[in-house]
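Notes follow the structure.
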Amino acid sequence: MPLALNQPIVADEIMEVRELKDGKVFLLTGRDGSKLVIKAEDYVTGDNIKATASVVKAIDPTVKMKPLVASEVLQLNQFVLDWEGFVTHLKSLMNTDQEPVTQQEKQSIAELKSVLAKYGGASAAGRTNIAKLSYVQMSTLGIVLKVEGKAADDAEWDEARQTFAKFSKALNKSGGLEKMGQIMAGDFFIGNQDRFSTSGGVGVKLYNSSKFHHLKVILNLSNMILVKEGKGKSTRPSMLDYMDPFSDFLKIDQTLATLAQPTKWPMHKLLKKESRAKISQDLVDDLNYILQPEKSFFGRNKLGGSGAAGRVNDGIVQGIKKIVKSAEGRRNSLPPLIASYLDAVKAAKV
């Protein structure tokens, strides 16, 4: 049976585990070549993931995360034991103290073992703080970090320009900039500011600049993501990586009114016409700065033409309406915090 989001993880079906990022994100490869990603994040619980599911589904139905249940953690621990036993057996057969596996393989298993121990306990609802999600091909604006301060003829710029061209094409086409607006609406509704931030963006040093250019709203370039889901399918913006481990707005048993700083809920920025228009223009300004080399690639002087900010704004409004419709349909199962967010958005009458 292939590794799949809707199937329980079984030890015998896993052939390989590879660490992807920071000892908390892993790619599982099945014996049939199927792939599945598992990840853990400090301060993000399985119950948080479940609580925000209706919002994410409204904005980007293809982005699905499921908290692992205790039995799946047991299966992953069994895989680790089997792998360790296999390595010991190989060393015995080879009659050597040399490792029969690569250092990368060894480290991946060690990191997985640590993650299972740290995040694998289940909540009262049976959810662990480890999630599984489908594997997709993606590009991110994190490539900017590779070319900061480098000359235009540096080899690293070849990949960056290709990535920028992908973003320009995906955002310029119908629905592209609008989807970015929808993603911002989804992020800010659940309190995620690990992609866009209402308090200002990250500083970048590009295009032979000796000083940092401070982006206005993009905070985490690596979370500006395009995905391509399969052969022949187009590339589009994605809401992947929507859980902010440092958010103050994921205490799901509280309400907006009882949070320590309710006025800092980022969604407030999108509920007023003037501030929504400004943040839409800020996002377009940021994207135009980053994508400079490819501005004219598709025959436009600026990303999306003169109406780019309006398209982002339209997307934000579309996103808000989608969230309200999706969350309202699940009101009886919403935790107090998400229900209070819903009430605040409905009262604003966007």
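Order these peptides, 8-14, 208-214, by their mean beta-carbon neighbour count within 10 angstrom, highest first. Write down the numbers at each step before the final one.
Numbers: 8-14: 17.3, 208-214: 10.1.
Descending mean neighbour count gives 8-14, 208-214.
Work from the charge dipole of the chain (Cβ charges, +1 for Lys and Arg, -1 for Asp and Glu, about the Cα centre) and give the residue of SER306, TYR207, ALA170 farthest towards its positive end.
SER306
What residues have an amide H closer than 5 Å to that of LEU68, excluding those fewer than 5 places away on the same chain, when H is modeled at 1.01 Å from N in the peptide plane?
Placed amide hydrogens put THR128, ILE130, ALA131, LYS132 under 5 Å from LEU68.
If you take all C-alpha pairs in segment 116-197, what percent of them are over 18 Å apart?
On the way: 2225 of 3321 pairs.
Value for segment 116-197 (Cα pairs over 18 Å): 67 percent.
Mind checking the dipole of segment 298-350: about its Cα centre, +1 per Lys or Arg Cβ, -1 per Asp or Glu Cβ, Debye to the nearest 20?
Working: 10 positive and 3 negative charges, 31 e Å.
That gives a dipole near 140 debye.
Step by step: find N for segment 11-134, compute 2.2 N^0.38 Å, then divide the Cα radius of gyration by it. What's the final number?
1.17
Distance between Cα centroids, segment 179-234 to segment 79-115: provide it in whole Å.
If we compute the Cα centre of each part, the gap is 39 Å.
Where does the chain land at 222 nm, in deg cm²/dmol rounded to the nearest 500, when only DSSP H runs of n ≥ 4 count, each adding -39500 (n - 2.57), divided by all residues? Please list the in-between numbers first.
Details: 11 runs with 146 residues, N = 350.
So the calculated ellipticity at 222 nm is -13500 deg cm²/dmol.
Amide H neighbours of GLU16 under 5 Å, at least 5 residues apart or on other chains, H built in the peptide plane: list them.
THR29
Please report the antiparallel percentage of the DSSP beta bridges confined to segment 1-115, to the nearest 5. Could you put the intermediate results ahead of the total?
Details: 11 of 11 bridges.
So the antiparallel bridges amount to about 100 percent of the total.
Tell me, what does the Kirkwood hydrodynamic radius of the chain come to in angstroms if you use every pair of distinct C-alpha atoms?
Values: mean 1/r = 0.0457 Å⁻¹.
By the Kirkwood definition, the hydrodynamic radius is 21.9 Å.
Gain in length, ASP82 to ARG331, computed as 0.36 nm per residue apart minus the alpha-carbon separation, to one decimal in nm?
Here the segment from ASP82 to ARG331 would lengthen by 85.2 nm.
Once phi is turned into θ = phi - 60°, what whole-Hz ³J(HN,Hα) does the Karplus curve with 6.51, -1.76 and 1.60 give for every residue of segment 303-317, x standing for Gly and Pro?
4, x, x, 5, x, 4, 5, x, 5, 4, 4, 4, x, 4, 5
Could you order the peptides 181-194, 92-105 from most to least packed, using the average number of other C-beta atoms within 10 Å per residue?
181-194, 92-105
Quick one: Karplus J couplings for segment 18-30, per residue in order, coefficients 6.51, -1.76, 1.60, θ = phi - 60°, nearest Hz, x for Gly and Pro?
Listing the rounded values in order: 10, 6, 9, 7, 6, x, 10, 10, 9, 9, 9, 10, x Hz.
What ranking do 23-35, 63-75 get when scored by the average of other Cβ atoms within 10 Å per residue, highest first?
Numbers: 23-35: 16.5, 63-75: 18.7.
Output ranking for 23-35, 63-75: 63-75, 23-35.
Could you give the dipole magnitude of the chain about its Cα centre, charging the beta-carbon of Lys and Arg +1 and that of Asp and Glu -1, in debye to the nearest 20? The partial results should precede the final answer.
On the way: 49 positive and 39 negative charges, 358 e Å.
My answer is approximately 1720 debye.
In Å, what Rg and Dmax follow from the Cα atoms of segment 1-48?
11.7, 34
Separation between the ALA277 and ALA347 pseudo-spin-labels, each 7 Å from Cα along Cα→Cβ, expressed in nm?
2.5
Taking R0 as 45 Å, what FRET efficiency do you get between LYS166 and ALA122 from their Cβ-Cβ distance, rounded to the nearest 0.05?
On the way: r = 40 Å, r/R0 = 0.88.
About 0.70, to the nearest 0.05.
A short reminder: the numbers here are calculations on the coordinates, not readings from a lab. Just so it is clear, the structure is predicted and the values come from calculations on it, not from any experiment. Positions of Cβ are generated from backbone atoms using ideal geometry, with glycine treated the same way; all protein chains shown enter the neighbour counts.
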